[in-house]
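**Q** Questions regarding the structure given below will be posed in turn.
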Amino acid sequence: MSFGPQRVQVKDRLFFIVGAVLGSMLLGSSALARLVHAQGTQQAPPRTQETLPRSVAPQPVAFSHRVHAGEDGAGLPCNFCHTGVDKEDEAKIPSADFCLTCHRTIKANSPEIAKVRDAAEKGKKIAWVPVYRVPDFVFFGHSQHVRAGLNCAECHGPVEKRDVLQQEVSTGMNFCRDCHLRRRARADCAACHQLGY
C-alpha cells in the first residue's frame, strides 16, 4: 500500500512533532526552540550588551605599552616582544629574561624592573593578567589574521597609546563574525569552533 503525497506530509509532520516533544524533554524547551529556529539558518546569536572599555586587575609589574611601542617611546613593533604572532597561533608574552635584554641597563634601578629581575633570577614567569581572551571552546590563530593583513590595533585597540591596558575591542562572537563577513572570510561555525580545542 502506498501513501499519497498528503499522507506522507502528515506522517512527516507527526514524526517532527513527536521528535520535538521528546527533544524538549531532553534538552529543555528553550534549548529546543533555539535549535529549531537556528536549523538551516546562519543567523548571528542575539547581541548581548558589552561594556567597553573593560578594566582588568592590576598587572604584577607596571608596564607601559606607550613607552615601549609608542612613537614617543622606544617605538618597538608588536612582534618584537610578542614573538610568534606572525608564525603561530599564539602571540607569546616575553619572559623576564627577554625583558632584561634591555633592562639590565635601561632603568635597571627601577622598583618595577627589580620585580622582573627577581622573577628571572628565580626562573619564574611573571603572572600577567590577560586583557584579551577568547573562550576555551574558540580556536583563534594570530598568524592567520596577520597574514590576512589585519593590524594588531583592529583587535587590540591603540595599545601603543596606553600606559595601562583595558579591553577596548570586543572578543565576542558577533564582533568577529561581522569582521569575517565584511572581509568575505570564512564565517561558518567550524572556522572557529573545532572539536578538540
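**Q** For the range 84-197, state the semi-axes of the equivalent ellipsoid (square roots of 5 times the eigenvalues of the alpha-carbon gyration tensor), sorted largest first and rounded to whole angstrom.
**A** Working: eigenvalues 220, 49, 33 Å².
Computed over the range 84-197, the values are 33, 16, 13 Å.
**Q** Compute the FRET efficiency between A148 and K87 as 1/(1 + (r/R0)^6), taking r as their Cβ-Cβ distance and R0 = 22 Å, and round to the nearest 0.05. List each step's numbers first, then the result.
**A** Values: r = 14 Å, r/R0 = 0.65.
Calculated value: 0.95.
**Q** Please arrange T83, T101, T51 by counting, for each residue, the other beta carbons lying within 10 Å of its beta carbon, fewest first. The partial results should precede the final answer.
**A** Numbers: T83 16, T101 11, T51 6.
Final ranking by Cβ density, sparse to dense: T51, T101, T83.
**Q** Want the number for T101 to F137: 0.36 nm per residue separation, take away the alpha-carbon distance, what's left? Walk me through the numbers before you get to the answer.
**A** Details: separation 36, 0.36 × 36 = 12.96 nm, distance 3.59 nm.
Roughly 9.4 nm would be gained on extension.
**Q** Tell me, rounded to the nearest percent, the portion of alpha carbon pairs in the range 67-128 spaced more than 19 Å apart. Write down the numbers at each step before the final one.
**A** Values: 704 of 1891 pairs.
Across the range 67-128, Cα pairs with separations above 19 Å total 37 percent.
**Q** Starting from the Cα of K92, draw a straight line to each of the lysines and keep only those under 22 Å, dropping any in the same chain fewer than 8 residues away.
**A** By straight Cα distance, K92 reaches K115, K122, K124, K125, K161.
Rule-based calculations on the coordinates, nothing more; no lab input. The structure displayed is predicted, hence computed values, not measured ones. Heads up, the Cβs are rebuilt from the backbone with ideal geometry, glycines too, and the neighbour counts pull from every protein chain shown.
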